[in-house]
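In what follows, a structure is listed as structure tokens, so that the remarks can point back to it.
The values are calculated or read from the model by the stated rules, or taken from the named source; none is laboratory data. Small disclaimer: the values here were computed from a predicted structure and weren't measured. No Cβ is skipped: glycine too gets one built from the backbone with ideal geometry, and neighbour counts run over all protein chains shown.
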Amino acid sequence: MSQSARIVGKVEYREGDGANLVIRPGPCEVEQTPLDATISWTDGASKGVAAMPLPDFQRYVASHAIRFDDAPA
């Protein structure tokens, strides 16, 4: 089940062995599994999707760089 969230800080992901890429601030959708989290967003006419290991995702949530819409401010 996907959850609505918002990127409010610096969140990065890596595609393969490439450099880290930044996910722009704004609304997103998050799907979590026991191993990873997939973040999807829309940026104008383009759509982005990033998968990251669950520990990395949890670090971004703990640092408040990612906030779920139902979480207290």
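Listed values, structure above:
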quantity	calculated
Count - residues of region 24-46 that are part of a strand (DSSP E or B) and either at pLDDT 95 or above or hydroxyl-bearing (Ser, Thr, Tyr) (or both)	15
Residue, surrounded by the fewest Cβ atoms within 10 Å (Cβ to Cβ), within region 47-69, restricted to residues that are basic (Lys, Arg) and farther than 14 Å from residue 5 by Cα	47
Neighbours by Cβ (under 8 Å, 6+ apart or cross-chain): first from region 51-73, hydroxyl-bearing (Ser, Thr, Tyr); second at pLDDT 95 or above	60/9; 60/11; 60/66; 63/9
Output for region 4-13, where each listed residue is exposed (fewer than 13 other Cβ atoms within 10 Å of the Cβ) and not in a loop (DSSP other than H, G, I, E, B)	4
Single residue of region 47-73 satisfying the filter (charged (D, E, K, R) and part of a strand (DSSP E or B)) that is farthest from residue 14 (Cα to Cα)	67
